[in-house]
1. In region 85-105, which residues have a backbone nitrogen under 18 Å from the label point lying 7 Å from GLN114's Cα in the Cα-to-Cβ direction?
2. Could you tell me which of the pairs LYS159/LYS236; LYS183/LYS229; LYS66/LYS183; LYS80/LYS208 are separated by over 32 angstrom between their Cα atoms in the structure shown?
3. Around GLY65, which amide H atoms from residues at least 5 apart in sequence, or from another chain, sit under 5 Å from its own amide H, with H modelled in the peptide plane?
4. Could you list TRP53, TRP181 in order of exposure, starting from the residue whose Cβ has the fewest other Cβ atoms within 10 Å?
5. Once amide H atoms are placed 1.01 Å from N in the peptide plane, what residues at a sequence separation of 5 or more from ILE242, or on another chain, have their amide H within under 5 Å of its amide H?
6. Using θ = phi - 60° and the Karplus curve 6.51 cos²θ - 1.76 cosθ + 1.60, what whole-Hz ³J(HN,Hα) does each residue of region 130-138 get, with Gly and Pro shown as x?
7. Quick one: go through region 203-220 and flag any residue whose amide nitrogen is under 13 Å from the point 7 Å out along the Cα-to-Cβ line of MET133.
8. Report ³J(HN,Hα) in whole Hz for each residue of region 115-125, in order, from the Karplus equation J = 6.51 cos²θ - 1.76 cosθ + 1.60 where θ = phi - 60°; Gly and Pro get x.
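Just so it is clear, none of the values below were taken in a lab; they were calculated from the coordinates. Note that the structure is a prediction, hence the values are computed from the model and not measured. Ideal geometry is used to build each Cβ from the backbone, glycine not excepted, and the neighbour counts take in all protein chains shown.
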Amino acid sequence: MNDSQQERSLPASTQILESAETSKTVENIEHDARALLKVNNLKVDFSNSRHQWTRIVHGVSFAVGKGEILGIVGESGCGKSVTAFSILRLHERRTTRYEGAITFEGHDIFSLGQKQLRTLRGGDIGFIFQNPMSSLNPLLTIGQQLRETVRTHQPSLSKNEVESSCIEALHDAGSDNPESWMKQYPYQFSGGMLQRVMIGMALINHPKLLIADEPTTALDVTIQMQLLKVLRDLRKTRDMSIVLITHDMGVVAQMCDRVEVMYQGRIMESAPVSDIFAHPRNPYTQGLLAAIPPMEGLRPKRLKTVSDFLKQSGSDLSPHGNVMDHAAFTAKE
């Protein structure tokens, strides 16, 4: 199937949105010579059992500098996690189709073989998944799973060196008793403790880039703050870059240097975090901020939604709508 046939197999509404959108090109992000990761015009399609293709991500582009925390924020179902999984090609190969380019340290991710990908995953690029309970093997101790991660990427290490790496990783992730944690099973841990294990597992091979997919989801506020502090501290001590996936604008404000605002598989606005909060340009971004509950005074009987704001402001989220013009709402550096 050639490119034109592939495009015709997509829903008509998707093709209309594609033609209406102007994405960042590689020239817009090439200026950052320190970029560790570059995503250029990424498009992701999924197929169903009838081999019908649906486009989920529509021409997303961004760059992550060394030591930078980039936030990708948006409502559930907007394509944040699909984009994050695409960086390491974690989707099912038979039902996924990629277009565009992703480069890490100048290497084309889409041209890597499976063996090279396995080396990259958990090595130079760490990944914290959204649900730690489903990401860990309930039949193995935490120590067994950490040791396996180390041995996969550093087979030359001695038994004592592997053990030291595991304990160090748990300690860096905030464990106050890593030796004890190594002997326990996932079911013995709370949600916050499990997420610390996942952070430790992602960090154990000293990655240059950490991708964190909603790392504080379903955790209470106190635990959220502790885990976010761990990530901030690790960024400084390890000079590590982070891609943070979240729907929480409060997390974005605390953590990120730059922000990509996503909606319906597209980047709506791209800017430094201070600009996003002080001068949001895209109506969708303005709606996200307007939907945050007030911290002071009486709360309204009904909290605002993004759609409420867009209707009030006269903004249009339809395929031909003004909100979809990404180029008009991208901050220029």
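1. Residues 88-98 qualify, since their backbone N sits under 18 Å from the label point.
2. Values: LYS159/LYS236 29 Å; LYS183/LYS229 26 Å; LYS66/LYS183 35 Å; LYS80/LYS208 21 Å.
Going by Cα-Cα distance, LYS66/LYS183 fall outside the 32 Å limit.
3. Those lying under 5 Å, H to H, from GLY65 are LEU36.
4. Fewest-to-most ranking of TRP53, TRP181: TRP53, TRP181.
5. GLU68, ILE69, LEU70, LEU210
6. Here the 3J(HN,Hα) series is 5, 10, x, 5, 7, 8, 9, 7, x Hz.
7. Hits in region 203-220 for MET133 at 13 Å: 218-219.
8. 5, 5, 5, 4, 5, 6, 5, x, x, 6, 10
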